[in-house]
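As C-alpha cells, the structure follows; a few thoughts come after it.
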Amino acid sequence: MNVTFYLPPLALAISLVYSASRYELPAKILSKSMALFFQIMVFMGLVMGVLYFLSYAL
C-alpha cells in the first residue's frame with residue numbers, strides 16, 4: 001500500500017483539529033477546515049511535483 005494513501009485523511013484531521021482550536025461555531029469550523037484542507041493538499045501536491053521533477057533523471 002502506498003504511503004500517499006494516508007495523506008488526505010491526515011490533512012483532514014489536522015485541518016479539523018486546527019480549526020476547532022481557533023473557532024467555536026460548527027459552521028465556521030467546517031468551512032475553515034475545508035479551506036485549510038484544500039490548501040494543505042495543493043501544497044503537498046506542489047511539493048510532490050517538484051520532488052518528482054527533481055528526481056526524474058536519477
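Please treat every number below as a calculation from the coordinates, not as lab data. Keep in mind the model is a prediction, meaning the values are calculated, not measured.
For a distance above 17 Å, tell me the whole-number percent of Cα pairs in the chain that qualify. Kindly include the intermediate steps, with their values, before the conclusion.
On the way: 790 of 1653 pairs.
Considering the chain, 48 percent of its Cα-Cα pairs are separated by more than 17 Å.
The C-alpha atoms of the chain define a longest principal axis, and helix 26-54 lies at about 10 degrees to it. Relative to the dominant Cα principal axis of the chain, helix 7-22 is inclined by about 30°.
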